[in-house]
Amino acid sequence: MAETERYPHYIEFRHVHKTFDRPVLVDSNFHVNAGETVAIIGRSGVGKSVTLSHIMGFLKPDSGRVIVAHEDTTDFSEAELRRIRRKVTMVFQSGALFDSLTVAENVLFSLELREDYDAQNKEDVVDGLLQMVDITEARNAYPADLSTGYKRAVAIARALAAQPQCVLYDEPTTMVDPIMSDHLGDLMVRLKRQLKLTSVVVTHDLDLMYKVADNVVFLYEGGVIYFGPVADLKNSEHPHIQEFLQLDRVV
């Protein structure tokens, strides 16, 4: 049986439990189909970033199964996970850029191991990626010279240089001004359409959620209390979801 038949969803959590000093994920179930964007929302400390760490294989569940790129990665070795991470990459909240490298050099770093590209090909790819994320004018700048929003755009360009199938975004609009936040949201939608990317977005930003997500996972006390179309979230009768949405409207 083909892997895509055994595991039809690109990403899937099956009854995932994870406890540190307290339960963080409790019987977590959701899935992400290829080419789809799923947002994970909820208050701080409910397991959103822990969920991303399980997808990347940085953490293992205490019980349950984690499917990534149509494969059960739960018991994968580090070598097997490296193969998966060539398909699934993450844009960290910090940007995780190299301070000593320019914007162009940071993006180029992801291409250094590509033996199928010569030096000119790599430069062309870097230029194309910087143009794609609308930061061509910053190619010779260093991270210290950039705003938080620009750093996130550079981090996205660097992630795309590896030609992934899936991108995980950890709070992409946190500490970003409203104009840049709107720009990053537009960029994520454009990348999904142009590159057919699968995406998972952890966010507190409901405007971003409504803009980019097809489906939404709402976490509360470690459990998934809503998983479904983003447009239907407002119809949930769960009091915590209604409180969350009301607070956002007040803010």
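Only one of 176, 200 is over 16 Å from the mean Cα position of the chain (by Cα), assigned by TED's automatic domain parsing to the domain that holds residue 42 and within 21 Å of residue 42 (Cβ to Cβ); which?
176
Look through region 1-23, keep the residues that are among the aliphatic types (A, V, I, L, M) and modelled with pLDDT under 95, and return whichever of them is farthest from residue 228 (Cα to Cα).
Only one residue fits best here, namely 1.
Restrict the check to region 205-222 and report whether at least one residue is of a type in the set (Gly, Ala, Ser), over 16 Å from residue 91 (Cα atoms) and more than 17 Å from the chain's Cα centre (by Cα).
yes
Inside region 37-137, counting only helices (runs of 4 or more DSSP H) that do not spill past its ends, which hold 3 or more residues that are within 15 Å of the chain's Cα centre (by Cα)?
Passing ranges, in order: 48-56.
For region 138-161, which residues satisfy the criterion of being under 15 Å from residue 199 (Cβ atoms) and either of a type in the set (D, E, K, R) or touching a strand residue (DSSP E or B) at 6+ places or on another chain (Cβ under 6 Å) (or both)?
Answer for region 138-161, where residues must be under 15 Å from residue 199 (Cβ atoms) and either of a type in the set (D, E, K, R) or touching a strand residue (DSSP E or B) at 6+ places or on another chain (Cβ under 6 Å) (or both): 152, 155, 156, 159.
Quick one: which residue in 49, 28 is in contact with a helix residue (DSSP H, G or I) (Cβ under 9 Å, 6 or more places away or on another chain) and farther than 14 Å from residue 88 by Cα?
Just a single option satisfies the conditions, and that option is 28.
Restricting the search to region 24-36, which residues are assigned to a strand (DSSP E or B) and either without any contact (Cβ under 8 Å) to a residue 40 or more places away in the chain or farther than 19 Å from residue 226 by Cα (or both)?
31
Got at least one residue in region 166-189 being in contact with a strand residue (DSSP E or B) (Cβ under 6 Å, 6 or more places away or on another chain), of a type in the set (A, V, I, L, M) and part of a loop (DSSP other than H, G, I, E, B)?
No.
Hey, among the residues in region 44-90 that are of a type in the set (D, E, K, R) and over 18 Å from residue 16 (Cβ atoms), which one's surrounded by the fewest Cβ atoms within 10 Å (Cβ to Cβ)?
Checked region 44-90; the qualifying residue surrounded by the fewest Cβ atoms within 10 Å (Cβ to Cβ) is 78.
Somewhere in region 213-232, is a residue buried (at least 21 other Cβ atoms within 10 Å of the Cβ), among the hydrophobic types (A, V, I, L, M, F, W, C) and part of a helix (DSSP H, G or I)?
no
The values are calculated or read from the model by the stated rules, or taken from the named source; none is laboratory data. Remember, predicted model here, so these are calculated numbers, not experimental data. In this analysis, Cβ positions are derived from the backbone assuming ideal geometry, glycine residues included, and neighbour counts consider all displayed protein chains.
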